[in-house]
Amino acid sequence: MVLTVSPPPVSFFGKTEPGAAFVRLPGLRALAGILPALALAACGSIIPESGGVHGLHPPRPANALSAGLVRGPAPSALALAPGNAGSALNAFILSCPGLTRRNDDSGLTRPQDWALACAAARGWPRDQAATFFDGYFETARVADGSTFVTGYFEPEIAGVRTRQPGFDVPVYGVPADLVRARPGDAPPMADGRRPLGRYDSTGHFTPYYDRGQIEDGALAGQGLEIAWAADPAELFFLQVQGSGRLRAPDGSVIRLGYGAVNGWDYTGIGSVMARQGLIGTGPGQYPGSMQGILRYIHDNPAQGDALMRQNRSYVFFRENPQPSAVGAMGVPVMAQTSVAADPSFVPLGAPVWLQTDRANVGGLWVAQDTGGAIKGPNRFDSFWGAGADARRIAGGMSAHGQALVLLPKGTLARLGR
């Protein structure tokens, strides 16, 4: 979901949270509250897939072990391309400090399991990366291996640090009065956390200003503006992604990372458009993609503004000093190499192999990010970098196929598989 932190992964039709990559949530993909990366989120198909009879879903397994795990083919059988394997090796090396230090929520590995591979990786010739993965890893199929892959990117929109003609849309930093309720001041949320909001002048806890109130000036004059954007719709989608870049007319760039969310539930405006009959191929209808939704908003300014306000969630930013987007692991995410995944089903930092009906998303990737919409076994959000091509590819990415997780040799035997 810069993408995560974290943001985030991104769905215009349903509830998501930026991933961690952009906070990440940014983790590109994971906005921890609403867009939790994200990115971080899935920018692909807008219409949700069928959820079965009457839209009911079977209970989701808790982690990879409970989902079912079977041994897959040897990495040598995957015919890894040298360039692809070399990029994955570079990303894996960046992941090693986290792999050897953090607990694995998937239940598949322990920090010490990664020690040998990480020690060897540092000095391994990049042009022989395929032999590294064959020598130190085995593959496993989680559940039935069926994968769904979307895409995310680091948006770049027009913006400047100081307000000037043509740049009148404020980009807000995190307000000081945005806080979590003190114990007893508000009912906890479904996940047990205390809700976000603010305390009014009487000391009463109340929901924070929503998108409409903020856009109408609720925060104006408080010195929270860290930059100014040219297009409110482009800023809206930058918020959905969870992070991104502002490029000024002089070519200078301000990189924005996820700061916080106002606490209101996220509403996917693609779903709103679908209910209104605006998604499709007929007269007056628009494609169900980010690009299609953006075109509708630009073609219909008044209706577009009202549409965006139906998503009452609002993302605040921080200026990101890093030279590139950072994912949920705290390391830079790499275009065409990093994916956001659900850490309950894939160890964060582990390589994954994808074979899908979209050739450009096949091969070896590394799970370095998370996203609020990226949940369940074999659900991935592929990172495509920044710029027009990245935006086009990520915005239309919707791939199905099979996935394998690469684990340190000996892991499956230890798990009795």
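The values are calculated or read from the model by the stated rules, or taken from the named source; none is laboratory data. All values reported here derive from a predicted model rather than from experimental measurement. No Cβ is skipped: glycine too gets one built from the backbone with ideal geometry, and neighbour counts run over all protein chains shown.
General observations
- Annotation note: Cβ proximity below 7 Å between a residue of region 221-239 that is part of a strand (DSSP E or B) and a residue that is surrounded by fewer than 18 Cβ atoms within 10 Å (Cβ to Cβ) (sequence gap 6+ or interchain) occurs for 226/319; 227/161; 228/163; 228/168; 229/158.
- Of the criteria (1) farther than 17 Å from residue 405 by Cα; (2) of a type outside the set (A, V, I, L, M, F, W, C); (3) over 16 Å from the mean Cα position of the chain (by Cα), which one residue 327 fails: (3)
- Matching residues, region 115-152, being at pLDDT below 95 and of a type in the set (Phe, Trp, Tyr): 152
A quick yes/no check of all residues on (1) surrounded by 18 or more Cβ atoms within 10 Å (Cβ to Cβ); (2) closer than 30 Å to residue 228 by Cβ; (3) among the hydrophobic types (A, V, I, L, M, F, W, C); (4) within 24 Å of the chain's Cα centre (by Cα):
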residue	(1), (2), (3), (4)
132	yes, no, yes, no
139	yes, no, no, no
142	yes, no, yes, yes
146	no, no, no, yes
152	yes, yes, no, yes
160	yes, yes, yes, no
166	no, yes, no, no
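- Within region 51-162, strands (runs of 3 or more DSSP E) holding 1 or more residues that are in contact with a Lys or Arg (Cβ under 8 Å, 6 or more places away or on another chain) and over 17 Å from residue 415 (Cα atoms): 146-154, 156-160
- Options 170, 155, 175: the member that is at pLDDT below 95 and under 30 Å from residue 250 (Cβ atoms): 155
- Residues that are out of contact with any Ser or Thr (no Cβ under 7 Å at 6 or more places or on another chain), surrounded by fewer than 22 Cβ atoms within 10 Å (Cβ to Cβ) and not hydrophobic (A, V, I, L, M, F, W, C) within region 73-103 comprise 76, 82, 83, 84, 86, 90, 97, 98, 100, 101, 102, 103, listed in sequence order.
- Summed over region 385-416, the residues that are buried (at least 16 other Cβ atoms within 10 Å of the Cβ) and modelled with pLDDT under 95 give a count of 11.
- Residues of region 318-336 satisfying the condition of being crowded, with 24+ Cβ neighbours inside 10 Å and touching a helix residue (DSSP H, G or I) at 6+ places or on another chain (Cβ under 8 Å): 329
- Annotation: residue 344 fulfils all but one of (1) surrounded by 23 or more Cβ atoms within 10 Å (Cβ to Cβ); (2) out of contact with any Cys (no Cβ under 8 Å at 6 or more places or on another chain); (3) of a type outside the set (Val, Ile, Thr); the unmet one is (1).
- Among the candidates 321, 283, the residue that is modelled with pLDDT under 90 and either more than 21 Å from residue 390 (Cα to Cα) or touching a strand residue (DSSP E or B) at 6+ places or on another chain (Cβ under 6 Å) (or both) is uniquely 321.
- Against the list (1) in contact with a strand residue (DSSP E or B) (Cβ under 7 Å, 6 or more places away or on another chain); (2) in a loop (DSSP other than H, G, I, E, B), the condition residue 184 fails is (1).
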